[in-house]
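Contents: one structure, followed by commentary.
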Amino acid sequence: MNIRFQTPHQYVFIHRHVKHLLLLWKKEHKRDLYIVDDETESSLVLRYPGDTYAEMVLQEVEPIFFQRLETDEEAFLAILAATLDYGGRLMAMYVHPERPQSDVYFFEVRDEQIEEIDDDEYPRIIQAFMEEYPDSFAQA
């Protein structure tokens, strides 16, 4: 069975070592969150985690999920791809919506905002993400 949603706003991300699917329904001003139990090239097996879990995760990620980033070439709305606990600090990996495999950005999350990471620490953060989520970098 192949199920498709009627929303173009579907986002897969990892938060606290759990892969999630976020669906945003713009007209209804509604959002749904699922846990991705299994994934293949052509399908996702989803499980609804319950209202309490969904609200807890959404409360944590909504303030940081979309971020307006600027590079030398453009300004764009980046999407949260993964979070990672790094030495007691929460780090976030963002992707460009049109080039998620090649344009990847890393930030520290503090007080529901993202902060730049020091240049000397940046390579270690990238390495930690690569070790924790190697599948995310397989095609990069």
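A search for C-beta distances below 6 Å between a residue of region 107-135 that is within 22 Å of T71 (Cα to Cα) and any residue that is surrounded by fewer than 16 Cβ atoms within 10 Å (Cβ to Cβ) and of a type in the set (K, R), counting only pairs 6+ apart in sequence or on different chains, returns E108/R89. Restricting L24, L80, L84, L58 to residues that are open to solvent by 20 Å² or more (accessible area, probe 1.4 Å), in contact (Cβ under 8 Å) with a residue 12 or more places away in the chain and touching a strand residue (DSSP E or B) at 6+ places or on another chain (Cβ under 7 Å) narrows the list to L24. Only a single criterion out of (1) at pLDDT 95 or above; (2) among the β-branched types (V, I, T); (3) surrounded by 12 or more Cβ atoms within 10 Å (Cβ to Cβ) is not satisfied by V104, namely (1). Of all residue pairs spaced 6 or more apart or on separate chains, none has beta-carbon atoms under 6 Å together with a first member in region 61-77 that is at positive phi and assigned to a loop (DSSP other than H, G, I, E, B) and a second member that is of a type in the set (K, R) and open to solvent by 50 Å² or more (accessible area, probe 1.4 Å). Residues in region 87-101 that are at pLDDT 95 or above and either of a type in the set (A, V, I, L, M, F, W, C) or touching a helix residue (DSSP H, G or I) at 6+ places or on another chain (Cβ under 8 Å) (or both) were compared, and the one that is most open to solvent (accessible area, probe 1.4 Å) is L90. No other residue among M91, M56 is more than 13 Å from the chain's Cα centre (by Cα), farther than 16 Å from Y11 by Cβ and either small (G, A, S) or not in a loop (DSSP other than H, G, I, E, B) (or both) apart from M56.
The values are calculated or read from the model by the stated rules, or taken from the named source; none is laboratory data. For clarity, every value in this text was computed on a predicted model and none was experimentally measured. All Cβ positions, even for glycine, are placed from backbone atoms using ideal geometry, and neighbour counts span all protein chains on display. Areas reflect the complete protein model, heavy atoms only, side chains present, ligands, DNA and RNA absent. Shrake-Rupley method; radii C 1.70, N 1.55, O 1.52, S 1.80 Å.
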